[in-house]
Amino acid sequence: MAGALFFFLFLTLAVLWAAYGLALAWTGLRTKQLPWLTMGLGSMFLALAIGAVRGIAFDPIAWFTPVVNFRSAALILLLAALFVLMLMSDRNKDAFPWLGKLQPFMSVAVVAMLFVLLTGETRDYFEKDLHRLYFTVPQPDSNALIAGNQNLKQLSLSGIWLLYSIGLMVYGFLRRMRLLRISAFVLFGFSILKIFIYDLSYLETLYRIFSFIGLGVILLVVSYLFTKYKDVVFGEEVRK
C-alpha cells in the first residue's frame, strides 16, 4: 500500500510542479524577467523527469487498467504542459533568442515522455497478467505460462519501439527536425539489437530461423535506405 501511495503522490507532484513551472515561465515571459523564466523551465523539466522515472511502472499492478488509468492521465497532462511551454517559448523567442535553441530539446522531451507512456502501457499490460499467474496458478504449471508471457512482453515492447521509431523518423522528415531523426534512428537500432540478442533467443529453432530471415530482409532494406539517404537523415535542421 505504501508503494501505491508514493506512486500516486509523485505523479501528482509532477503535474503540480509542471503547472507551477508554466505559471513561472509565463510570468517571466510576460514581464521579461529572466529569473522567473529560468525557474519555470527548471520546475518544468524537473516535473518531466519525475513523471518519466515514476511513471514507467504502474504501482500496484493489480489496479492497472490499460490506457484509462492515473499514470496515463498524469503523463498526458505533463505533455500538455510541455506543449504549452513550447508554444509560449516560440512566441517569445525574439525577447529571449536562446529559447529558440531550446525548442529541439523540448521536442526530444516530448519524444521521451511518449516513449515512457507507450513503454509503460505495453509493459504493464503483460505485468498484470504475470501478477495474476504468480498468485493463482500453482507451480510448476505456471512456469511455462510465465515464461511465455515474459517472452511475449519483450517482443511486444520491441515491436512498439520499432513502430514508434518509424513514426518519429517520418515526423522528423516532415518537420525537418534533425534531432528527432537521429533519436528515431538510435531507437530503431536499439530495438533491432534487442530483438536479435535477447528476444529471439527464447523462440524455438524453426520460429527463430524465420524470424532471422525476416529481420535480415528488414536490415537489408534499412541499410540500403540509410546508405542512400544518410545525408538527409543527418542533415542540418531547417527551422520554419
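The values are calculated or read from the model by the stated rules, or taken from the named source; none is laboratory data. Remember, it's a predicted structure, so these values are computed and weren't measured experimentally. Don't worry about glycine lacking a Cβ; one is built from the backbone with ideal geometry, like all the others, and counts go over all protein chains shown. Ligands, DNA and RNA are stripped out before the accessible areas are found, and what is left, the full protein with its side chains, is counted by its heavy atoms. Shrake-Rupley method; radii C 1.70, N 1.55, O 1.52, S 1.80 Å.
Please count how many residues of the stretch 149-166 are open to solvent by 40 Å² or more (accessible area, probe 1.4 Å) and more than 15 Å from Arg123 (Cβ to Cβ).
Going through the stretch 149-166 one residue at a time, the tally reaches 2.
Leu85 is checked against (1) in a helix (DSSP H, G or I); (2) out of contact with any Gly (no Cβ under 6 Å at 6 or more places or on another chain); (3) under 30 Å from Glu127 (Cβ atoms) and fails just one. What number does that condition carry?
Just one mismatch for Leu85, condition (3).
Between Arg176, Arg132, Arg123, which is out of contact with any helix residue (DSSP H, G or I) (no Cβ under 7 Å at 6 or more places or on another chain), charged (D, E, K, R) and either open to solvent by less than 30 Å² (accessible area, probe 1.4 Å) or more than 30 Å from Leu41 (Cα to Cα) (or both)?
Arg132
Taking the condition of being among the basic types (Lys, Arg) and either touching a Gly at 6+ places or on another chain (Cβ under 8 Å) or in contact (Cβ under 8 Å) with a residue 24 or more places away in the chain (or both), how many residues in the stretch 23-41 meet it?
First pass over the stretch 23-41, keeping only residues among the basic types (Lys, Arg): 30, 32.
Those left that are additionally either touching a Gly at 6+ places or on another chain (Cβ under 8 Å) or in contact (Cβ under 8 Å) with a residue 24 or more places away in the chain (or both): 32.
Selection size over the stretch 23-41: 1.
Just to check your reading of the model, which residue among Thr65, Thr31 is at pLDDT below 95 and within 30 Å of Arg132 (Cα to Cα)?
Numbers: Thr31 fails: within 30 Å of Arg132 (Cα to Cα).
Of Thr65, Thr31, the one residue that is at pLDDT below 95 and within 30 Å of Arg132 (Cα to Cα) is Thr65.
Within the stretch 54-74, how many residues are outside any loop (DSSP other than H, G, I, E, B) and either in contact with an Asp or Glu (Cβ under 7 Å, 6 or more places away or on another chain) or over 11 Å from Phe7 (Cβ atoms) (or both)?
Filtering the stretch 54-74 down to residues outside any loop (DSSP other than H, G, I, E, B) leaves 54-55, 61-63, 70-74.
Pick out the ones that are also either in contact with an Asp or Glu (Cβ under 7 Å, 6 or more places away or on another chain) or over 11 Å from Phe7 (Cβ atoms) (or both) and you get 61-62, 72-73.
Residues meeting the conditions: 4.
Output the number of residues of the stretch 172-187 satisfying the condition of being touching a Lys or Arg at 6+ places or on another chain (Cβ under 9 Å) and in a helix (DSSP H, G or I).
2
Okay, residues lined up against (1) at pLDDT below 80; (2) farther than 25 Å from Ala109 by Cα; (3) touching a Ser or Thr at 6+ places or on another chain (Cβ under 7 Å); (4) not polar (S, T, N, Q):
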position: Gly148; (1), (2), (3), (4): yes, yes, no, yes
position: Leu152; (1), (2), (3), (4): no, yes, no, yes
position: Ile160; (1), (2), (3), (4): no, no, yes, yes
position: Ile166; (1), (2), (3), (4): no, no, no, yes
position: Arg181; (1), (2), (3), (4): no, no, no, yes
position: Phe185; (1), (2), (3), (4): no, no, no, yes
position: Phe190; (1), (2), (3), (4): no, no, no, yes
position: Lys194; (1), (2), (3), (4): no, no, yes, yes
position: Tyr198; (1), (2), (3), (4): no, yes, no, yes
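Can you tell me which residues in the stretch 54-95 are in contact with a Lys or Arg (Cβ under 8 Å, 6 or more places away or on another chain) and open to solvent by 10 Å² or more (accessible area, probe 1.4 Å)? Break it down into steps so the answer makes sense when it comes.
Start the filter on the stretch 54-95 by keeping residues that are in contact with a Lys or Arg (Cβ under 8 Å, 6 or more places away or on another chain), which leaves 55-58, 61-62, 64, 95.
Selection gives Ile56, Ala57, Phe58, Ile61, Ala62, Ala95.
Among what's in the stretch 28-46 and is out of contact with any Leu (no Cβ under 8 Å at 6 or more places or on another chain) and assigned to a helix (DSSP H, G or I), pick the residue that is surrounded by the most Cβ atoms within 10 Å (Cβ to Cβ). Even if it seems obvious, please write down each step before you answer.
Kept after step one, since they are out of contact with any Leu (no Cβ under 8 Å at 6 or more places or on another chain), are these residues of the stretch 28-46: 30-35, 38, 42, 45-46.
The next check asks that each one be assigned to a helix (DSSP H, G or I); those that pass are 30-31, 34-35, 38, 42, 45-46.
On the way: Arg30: 12, Thr31: 10, Leu34: 12, Pro35: 10, Thr38: 14, Gly42: 14, Phe45: 18, Leu46: 15.
Checking each candidate, the answer is Phe45.
Just name the residue that is modelled with the lowest pLDDT out of those in the stretch 135-146 that are open to solvent by less than 50 Å² (accessible area, probe 1.4 Å) and of a type in the set (A, V, I, L, M, F, W, C).
Val137
May I ask you to say which residue of Asp124, Asp90, Asp94 is under 14 Å from Leu29 (Cβ atoms), among the charged types (D, E, K, R) and assigned to a helix (DSSP H, G or I)? So that I can check it myself, show each step before the final result.
On the way: Asp124 fails: under 14 Å from Leu29 (Cβ atoms); Asp94 fails: assigned to a helix (DSSP H, G or I).
Unique residue meeting the criteria: Asp90.
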